[in-house]
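Beneath this line is the structure, given in structure tokens, with notes to follow.
The values are calculated or read from the model by the stated rules, or taken from the named source; none is laboratory data. What you see is a predicted model, and the numbers here were worked out from it, not measured in a lab. Every residue, glycine among them, receives a Cβ derived from its backbone with ideal geometry; neighbour counts consider all protein chains shown.
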Amino acid sequence: MEFIFYIFAGIAVLAALNMVLQRTPVYSALSLIVVLCALAVVYLSLGAEFMAVLQVIIYAGAIMVLFVFVIMLLNAGHEVPSHQSRMAKWLGAPLVAAFLVEMLMVVWNQFPPGNAAPPAHLDGSPAALGHLLFQSYVLPFEVTSLLILVAVLGAVVLAKKEF
């Protein structure tokens, strides 16, 4: 099972890199679908079946349909390459290297080597998640839905053509 986890985690990372490096928005959205489906398999390998199903149904299904709809509505084409500034050319690689070193340090400190006690089992049942979502985290849940609504309305206003 650990082998499947690492294989699909690698697929998720490679698809995420492909998503960022694509020049066509539709291909980036398709790469994001691959990322979300690979994360669903990672959740399955970790024993979070409910989260895996939610990942596929909500994110890879509904949210990605919304993204593709907005991309098509905006009629986004290929990205036009711009001339890079000298600052980006000289500072880009060292800043990326510093970011990666910092991320590795955070991961290393989060999982110290040695015999650590196994983490406590979390209740991932739909009832427990619903209780958390609709009682403890109801405000962030509603704010997120409003942000998605405003983003779609903004895309419609930007795509509206005056005749």
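Of the numbered conditions (1) modelled with pLDDT under 80; (2) closer than 25 Å to residue 23 by Cα, residue 95 satisfies every one except a single condition; which is it? Every condition holds for residue 95 apart from (1).
Return yes or no: is residue 126 exposed (fewer than 10 other Cβ atoms within 10 Å of the Cβ) and modelled with pLDDT of 75 or more? It would help to see each step written out before you state the result.
Working: exposed (fewer than 10 other Cβ atoms within 10 Å of the Cβ): no; modelled with pLDDT of 75 or more: yes.
Judged against the criteria, residue 126 is not a match.
Looking at the range 1-48, which of the residues that are out of contact with any Phe, Trp or Tyr (no Cβ under 7 Å at 6 or more places or on another chain) and polar (S, T, N, Q) is farthest from residue 69 (Cα to Cα)? Here the residue is 18. Filtering the range 2-18 to residues that are within 13 Å of residue 39 (Cβ to Cβ) and surrounded by 16 or more Cβ atoms within 10 Å (Cβ to Cβ) leaves 8, 11, 12, 15, 16. Scanning the range 59-83 for residues that are in a helix (DSSP H, G or I) and either under 13 Å from residue 30 (Cα atoms) or at pLDDT below 75 (or both) yields a count of 15.
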